[in-house]
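Working notes, structure below.
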Amino acid sequence: MTLFDYAIIGAGSAGCVLANRLTEDLETSVCLIEAGGASNSPLLHVPAGWAATFNHKKFDWCYKTEPEPELNGREIYWPRGKTLGGSSAINGMIYIRGVPMDFAAWEQAGAKGWSWEEVLPYFKKAEKQKTHHDEMHGVEGPLHVQDVRDRRSVHETFLNAMEERGIPRTKDFNGQLQEGCGYYQFTQNNGRRWSTASAYLGPAKQRRNLTIRTQLQVAKVLVEDRKAVGVLVAKGTAQETIRARHIILCSGAIGSPQILELSGIGDKERLQGLGIESVRHLPEVGENLQDHLLSKVVFGTTPENSINREVQGPRLISAAAKWFFNRSGPLTTGSAPVGAFWYTREGLEAPDIQIHFASGATLYNNEGKIRPLGQAAMTAVVNQSRPESRGSIHIHSADRNDSPTIQANYLSTELDRRTMVKGMQLLMQVFESPVLKEHVTGRLSPSADLNIEDEAAILEYVREDASTVYHPTSTCSIGKVVNEDLLVDGVENLSVVDASVMPYVVSGNTNAATIMLAEKNADFLKATITPGLKRR
Ligand SMILES: Cc1cc2nc3c(=O)[nH]c(=O)nc-3n(C[C@H](O)[C@H](O)[C@H](O)COP(=O)(O)OP(=O)(O)OC[C@H]3O[C@@H](n4cnc5c(N)ncnc54)[C@H](O)[C@@H]3O)c2cc1C
């Protein structure tokens with residue numbers, strides 16, 4: 001049986017980075033194992049295609065939270081990428097890094113070596129920035145980061161409205177200061193989505209030392225004498241063992257704690273209760289979950305202001321032609337083209353809310369698929385950058401096919417509730433600003449009769465309507481489950497490298513930080529672990 005140097009479990013944002021970096025040394029063999037399939041579908045390459053991947057079992061794990069106590073018992077739909085590229089293949093493409101104080105907080109939580117000064121070089125190493133060429137950006141990395149292509153006058157109007165409310169313009173959210181309002185940068189190359197499969201697997205997949213296995217679900221890590229020795233993989237009812245000298249879980253904030261628990265690594269009592277033999281008692285596996293909760297404001301507008309009519313019916317053909325022939329038009333946009341980072345109160349070191357704005361509005365239909373609203377409308381959403389609420393993700397049976405139990409515990413602290421209410425008030429004030437007034441026909445959501453001063457009513461609206469920005473993190477945190485080198489506590493030859501290791505969710509969208517942490521850990525593995533593997 002082949003013995004690989006490394007087995008990487010999950011070809012998502014982090015897994016593709018590691019597969020590339022570790023096989024730069026042609027003497028290092030890597031097996032990359034992914035539960036989903038290849039990323040051939042146009043839905044994964046045309047930026048606007050992401051909405052059509054929702055609840056599409058071929059690309060999406062289609063998770064749901066448990067009924068959320070502070071969201072009136074609602075279950076929140078959680079898409080997660082299941083293909084080469086993982087969630088970077090179905091995400092909104094926004095490129096944001098977070099702020100220096102995020103990484104100072106990581107350090108305080110035990111992540112020695114992860115200060116802003118130490119992580120910035122790895123953000124830059126990953127990045128191929130097209131527009132902003134200064135000391136904050138990289139231009140030689142594999143990850144194309146480019147400005148919004150489909151700029152519209154309504155974007156400018158919304159930005160002007162935010163300026164009127166005191167939020168200054170910024171040219172670059174990833175510059176020295178995050179605060180302000182402006183255009184987002186996307187992980188795209190010439191109007192095409194640039195997932196980590198495109199950025200990192202594309203250049204590496206021909207290497208003879210890289211084996212890529214798709215449609216294989218890892219059922220558990222095999223551990224002998226407290227050492228990881230391989231993984232048990234399954235395809236339907238067929239099972240197979242893949243052996244490696246070092247195993248790296250890159251299965252995401254849901255998949256990694258799930259696999260650890262299925263392997264007997266987690267809270268001993270919990271696992272024994274499910275009939276799973278305990279291999280290592282690590283009670284924090286699956287705990288400390290964080291996510292960004294969003295709440296929306298939707299206004300009706302004139303047809304020419306909204307992209308809704310351009311992306312449905314016969315006009316969709318014209319939009320598709322624009323993308324295909326010129327890489328232009330509404331289909332080049334991932335999620336929100338413009339937004340802001342701002343404050344809900346004084347005395348903060350960095351903004352505590354993020355805003356996304358899109359000149360369209362969508363609905364979930366009965367199957368959970370996203371579709372454009374029938375009428376012309378535009379949407380802005382707000383989320384708290386650094387929520388305090390923490391939840392958990394745990395298996396509830398020993399069956400690998402059972403989705404784990406996700407309890408996000410959104411809004412479980414007073415600060416989180418207050419910040420969301422203040423954020424919503426700010427957003428509604430922006431829509432009331434004189435420059436926007438002539439472009440809107442009336443508020444659709446929250447309903448027009450909701451009084452913007454009524455904090456209790458706004459909180460009730462948030463409870464009834466809020467959903468996720470899709471940023472789960474921290475379920476295998478540094479300092480609790482892995483050490484600062486991302487090695488699992490008490491089990492040799494086993495790492496976790498993905499969004500689950502972040503001690504706190506970063507102040508912004510989480511893809512860039514996940515890629516950064518994989519870049520940084522690749523250097524650690526190459527310098528420290530790989531030489532040892534070769535001696536074995
Ligand atoms: C709909 C959506 C929109 C988003 N929008 C943005 C955005 O605009 N900007 C941004 O910065 N972030 C965004 N995010 C978040 C960002 O994409 C994620 O934080 C990031 O991709 C997480 O990377 P990861 O490596 O931790 O996990 P993932 O990229 O999810 O990778 C995990 C991989 O492991 C595989 N896997 C899981 N379990 C197993 C198993 N048992 N066996 C084998 N393989 C397995 C999965 O199939 C997947 O490919 C979004 C996410 C989603 C879902």
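The values are calculated or read from the model by the stated rules, or taken from the named source; none is laboratory data. These numbers were taken from a predicted model, which means no experiment stands behind them. A quick note on method: Cβ atoms are made from the backbone with ideal geometry, for glycine too, and the neighbour counts reach across all protein chains shown.
Of the residues making up the range 231-243, those that are within 14 Å of the ligand (Cβ to nearest atom), of a type in the set (A, V, I, L, M) and surrounded by fewer than 24 Cβ atoms within 10 Å (Cβ to Cβ) are L232, V233, A234, I242. Each residue in the range 130-157 was checked for being over 16 Å from G329 (Cβ atoms) and of a type in the set (A, V, I, L, M, F, W, C), and 4 pass. Looking across the range 266-279 at every residue that is buried (at least 19 other Cβ atoms within 10 Å of the Cβ) and outside any helix (DSSP H, G or I), the one that is farthest from the ligand (Cβ to nearest atom) is identified as V279.
Candidates in the range 110-126 are the residues that are in contact (Cβ under 8 Å) with a residue 24 or more places away in the chain and surrounded by 17 or more Cβ atoms within 10 Å (Cβ to Cβ); of these, the one that is farthest from P337 (Cα to Cα) is A111.
Among all residue pairs at least 6 apart or on different chains, which show Cβ distances below 8 Å where the first residue, located in the range 249-265, is more than 7 Å from the ligand (Cβ to nearest atom) and the second is assigned to a helix (DSSP H, G or I) and among the aliphatic types (A, V, I, L, M)? Once the first residue is more than 7 Å from the ligand (Cβ to nearest atom) and sits in the range 249-265, its partners that are assigned to a helix (DSSP H, G or I) and among the aliphatic types (A, V, I, L, M) give L249/I259; L249/L260; E261/L271; G264/L271. A single member of N509, N521 is over 18 Å from G264 (Cα atoms), assigned to a helix (DSSP H, G or I) and not β-branched (V, I, T), and it is N521. Every condition in (1) assigned to a helix (DSSP H, G or I); (2) in contact (Cβ under 8 Å) with a residue 24 or more places away in the chain; (3) of a type in the set (D, E, K, R); (4) not assigned by TED's automatic domain parsing to the domain that holds A448 is met by E284 except one, and the failing one is (1). Whenever a residue of the range 156-168 is free of Cβ contacts under 8 Å to residues at least 60 places away in the same chain, its partners that are surrounded by fewer than 20 Cβ atoms within 10 Å (Cβ to Cβ) and among the β-branched types (V, I, T), lying with C-beta atoms within less than 9 angstrom and at least six residues away or across chains, give the pairs E163/V435. Taking the range 200-263 as the region of interest, the strands (runs of 3 or more DSSP E) fully inside it that hold 3 or more residues being under 22 Å from K480 (Cα atoms) and touching a helix residue (DSSP H, G or I) at 6+ places or on another chain (Cβ under 9 Å) are 238-249.
Within the range 290-334, the set of residues being surrounded by 17 or more Cβ atoms within 10 Å (Cβ to Cβ), acidic (D, E) and either out of contact with any Leu (no Cβ under 9 Å at 6 or more places or on another chain) or under 30 Å from N409 (Cα atoms) (or both) comprises just one member, D291.
Matching residues to (1) touching a Pro at 6+ places or on another chain (Cβ under 8 Å); (2) not in a loop (DSSP other than H, G, I, E, B):
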| residue | (1), (2) |
| --- | --- |
| M420 | no, yes |
| R443 | no, yes |
| S447 | no, no |
| E464 | no, yes |
| T475 | yes, no |
| E484 | no, no |
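Flag: A448 does not match the condition of being among the small types (G, A, S) and touching a Leu at 6+ places or on another chain (Cβ under 9 Å).
When you look at L84, is it surrounded by 22 or more Cβ atoms within 10 Å (Cβ to Cβ) and aliphatic (A, V, I, L, M), yes or no? Here the answer is yes, as L84 does meet what is asked. One residue stands out in the range 479-536 among those that are of a type in the set (D, E, K, R) and farther than 21 Å from V231 by Cα: the one that is farthest from the ligand (Cβ to nearest atom), namely R535. T187 versus (1) surrounded by 24 or more Cβ atoms within 10 Å (Cβ to Cβ); (2) over 28 Å from A126 (Cα atoms); (3) touching a Lys or Arg at 6+ places or on another chain (Cβ under 9 Å): which is the lone unmet condition? All conditions pass for T187, except number (2). Pairs linking a residue in the range 230-248 that is over 16 Å from C31 (Cα atoms) to a residue that is surrounded by 13 or more Cβ atoms within 10 Å (Cβ to Cβ) and hydroxyl-bearing (S, T, Y), with Cβ atoms under 6 Å and 6 or more positions apart or on different chains, do not occur. Among the residues making up the range 46-72, those that are surrounded by 20 or more Cβ atoms within 10 Å (Cβ to Cβ), part of a loop (DSSP other than H, G, I, E, B) and more than 10 Å from the ligand (Cβ to nearest atom) are V46, T65.
Which of the residues that make up the range 73-102 are touching a Phe, Trp or Tyr at 6+ places or on another chain (Cβ under 6 Å) and more than 16 Å from the ligand (Cβ to nearest atom)? P100, the sole residue that qualifies.
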